[in-house]
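The structure follows.
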């Protein structure tokens, strides 16, 4: 795993070009096929370590959220490739449609996640997982049902985020596996016991670092039995946690990525956005940089959570390497 430090003075608002990155290359698979078939094709490229009882970590969204991964895609993936898998979630830190198990279950019904089991992992309690090499945490509180699973598939809708800049696999796991009351407070308030005024007091570099350390607890727990898929579709600058209040989508759809390397898949997702034409990428890049979201990537590298260099493999054209520019050359403006 890469462990190079970021350059002095460079923070999460600064994009590091590929030519300035160091270390070995990982492999990231790519398809432009935004469909259940495309999702299945990429999963089959990265599923070797997925054995035993399988959890699928998915952001199931607020009520009637318009941008979540389509239910039918997930239904087909599970039916064909993961027939005994369980979708897993945790309750939210913010007050809304998913901050209690009762409200969360109702929201799942509204959004149609009724075709397979959905485990709200902190429904019955929490457990602590170790965080190795962190500077903010030595352990992270997660839903205790996590320990019931042997493998985990991080199935992520890649998009912007109001605090994190972007939400990729790192955010899906770092926030999405931390339990709603303790783990998420450790990340967003900086401590388990906090005043209401401190609930959202952590921002920018510190927030990105805390998210990554939380993710590391989960990734280390499933070591060798975890894989990552990012769906670059309906990429609002808003997270799916904003539901119907999400900002309108203006970024073109790009495709689906898959990798067994966490940093590589999130880095490649960001790189593909930056490879778009200026008008197409402007809003999402602005959201990423103004929130210092790129610190997610550089800190994951420091923690040894993967590689920021990779070979992008075009599965639509015979599994051959493809440049970022060629990968996005035929994208069309988002149609709504």
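Please treat every number below as a calculation from the coordinates, not as lab data. Quick caveat, the model's predicted, so the values are computed rather than measured. Quick reminder, even Gly has a Cβ in these numbers, built from the backbone with ideal geometry, and neighbours come from all protein chains shown.
Order the peptides 87-97, 256-266, 69-79 from the highest to the lowest mean number of other Cβ atoms within 10 Å of their residues.
Ranked by mean Cβ neighbours within 10 Å, highest first: 256-266, 87-97, 69-79.
A further question on this structure: Explain nothing, just the number: relative contact order of the chain, from Cα pairs under 8 Å at least 6 residues apart, as a whole percent. Mind dumping the intermediate values first?
Numbers: 779 pairs, mean separation 93.3, N = 336.
Rounded, it is 28 percent for the chain.
Related question: Could you work out [θ]222 nm for the chain from helices alone, using -39500 (n - 2.57) per DSSP H run of at least four and dividing by all its residues? Round to the nearest 500 deg cm²/dmol. Present the calculation step by step, with values, prior to reporting the outcome.
Values: 10 runs with 98 residues, N = 336.
Computed mean residue ellipticity for the chain: -8500 deg cm²/dmol.
If you don't mind, there's one more thing I want to ask. For the peptides 55-64, 239-248, what is the packing order when you average, over each peptide's residues, the other Cβ atoms within 10 Å and list the highest mean first?
Numbers: 55-64: 21.6, 239-248: 17.5.
The peptides rank, most packed first, as 55-64, 239-248.
Only one of the listed values, (1) -0.26, -0.57, -1.13, -1.29; (2) -0.21, -0.49, -1.18, -1.48; (3) -0.18, -0.41, -1.09, -1.53, was derived from the coordinates as log10 I(q)/I(0) by the Debye sum over Cα atoms at q = 0.06, 0.09, 0.14, 0.16 Å⁻¹; which label is it?
(3)
Can you give me the C-alpha center-to-center distance between the stretch 181-196 and the stretch 197-267, rounded to a whole angstrom?
Computed from Cα coordinates, the inter-centre distance equals 20 Å.
Still on this structure, please answer the following. Which order do the peptides 176-185, 316-325 take when ranked by the mean count of other beta-carbon atoms within 10 Å per residue, highest first?
176-185, 316-325
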